[in-house]
Amino acid sequence: MKNKTILIIAAHPDDEVLGCFGTISKLIKQGNKAYTLILGEGKTSRFLNNKSQYKELKILEEEAIKANQSIGISKIFREKFPDNRFDSIPLLDIVKSIEKVKNILKPDIIFTHYKEDLNIDHKITFQAVLTATRPLPYESVKTIYSFEVLSSTEWNHPTSFNPNVFFDINKTLKDKIQAMSCYKSELCDFPHPRSLEGIKLQAKYRGLNVGLEKAEAFQLIRAIND
């Protein structure tokens, strides 16, 4: 795969790294261009008051820039929908924000969330992506993948993420780890899934699924082949 335009659509800062950065780093090295759209502000659902909110969000934005730049993402697009409250926003507003970026980039491939994640923002992001990329004539998006996000996908019940596409990330897992290391305010200590050790273990587990050392796993949602 080369000379493709890839758009990652994530609900929150760090979802993009957890979901697909091993794969995206590999695809960038192969000659593709990748962009990230982050829809939600992140973090604010954790605050009891607004006193520290501005400072923490500023730190998170700086971390997102560093993480994305570290693997060569061409540009980050940002919206600021309320954290863990996407269901309080008209779906059309989220769809329009995706369409706006999509119309600028004309991406060939989209990576986004799984429809049955525990996190409500992930679910709505998936729905909005499908709505914004309906397979109408002249639609640029030909391929859509859903990724898994540690501490959301596997925490739902019953777990139903059954991947059918795997990318070998043996050579680029280090890039994913480096990118996630930029998100110091989001990292947790092992055995929390959203830890560096958790990311490494997941990559090894997904590799075991298909006879690789390390892999990222996806559900193929749509593929239109010429």
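The values are calculated or read from the model by the stated rules, or taken from the named source; none is laboratory data. For clarity, every value in this text was computed on a predicted model and none was experimentally measured. In this analysis, Cβ positions are derived from the backbone assuming ideal geometry, glycine residues included, and neighbour counts consider all displayed protein chains. In case anyone asks, the SASA skips ligands and DNA or RNA and just uses the protein heavy atoms, side chains included. Shrake-Rupley method; radii C 1.70, N 1.55, O 1.52, S 1.80 Å.
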Enumeration of residues in the stretch 205-223 that are in contact with a helix residue (DSSP H, G or I) (Cβ under 9 Å, 6 or more places away or on another chain) and either exposed (fewer than 15 other Cβ atoms within 10 Å of the Cβ) or under 21 Å from residue 160 (Cα atoms) (or both)
213, 215, 216, 217, 218, 221, 222
How many residues of the stretch 17-35 are in contact (Cβ under 8 Å) with a residue 60 or more places away in the chain, assigned to a helix (DSSP H, G or I) and touching a strand residue (DSSP E or B) at 6+ places or on another chain (Cβ under 6 Å)? The answer is 5
Considering only residues that are assigned to a loop (DSSP other than H, G, I, E, B) and either touching a Lys or Arg at 6+ places or on another chain (Cβ under 7 Å) or not small (Gly, Ala, Ser) (or both), look in the stretch 199-224 and name the one that is nearest to residue 147 (Cα to Cα).
214
Yes or no: residue 186 surrounded by fewer than 20 Cβ atoms within 10 Å (Cβ to Cβ) and among the acidic types (Asp, Glu)?
no
Might you check whether a residue that is outside any strand (DSSP E or B) and modelled with pLDDT of 95 or more occurs anywhere in the stretch 36-57?
no
For the stretch 86-95, what are the residues that are touching a residue at least 24 places away in the same chain (Cβ under 8 Å) and open to solvent by 100 Å² or more (accessible area, probe 1.4 Å)?
87
Right, residue 176: surrounded by 22 or more Cβ atoms within 10 Å (Cβ to Cβ) and either of a type in the set (Asp, Glu) or assigned to a helix (DSSP H, G or I) (or both) or not?
yes
Test for residue 77: is it aromatic (Phe, Trp, Tyr), in contact (Cβ under 8 Å) with a residue 40 or more places away in the chain and part of a helix (DSSP H, G or I):
no
Of 137, 107, which residue is surrounded by fewer than 20 Cβ atoms within 10 Å (Cβ to Cβ), not in a strand (DSSP E or B) and not small (Gly, Ala, Ser)?
137
Output the residues belonging to the stretch 140-160 that are farther than 20 Å from residue 108 by Cβ and either open to solvent by 70 Å² or more (accessible area, probe 1.4 Å) or over 15 Å from the mean Cα position of the chain (by Cα) (or both).
154, 155, 156, 157, 158, 159, 160
Does the stretch 3-16 contain any residue that is at positive phi and either of a type in the set (Ser, Thr, Tyr) or open to solvent by 40 Å² or more (accessible area, probe 1.4 Å) (or both)?
yes
Taking the stretch 170-226 and the residues there that are within 16 Å of the chain's Cα centre (by Cα) and of a type in the set (Val, Ile, Thr), the one that is nearest to residue 132 (Cα to Cα) would be 221
Taking the stretch 51-76 and the residues there that are touching a Phe, Trp or Tyr at 6+ places or on another chain (Cβ under 9 Å) and surrounded by fewer than 18 Cβ atoms within 10 Å (Cβ to Cβ), the one that is farthest from residue 21 (Cα to Cα) would be 53
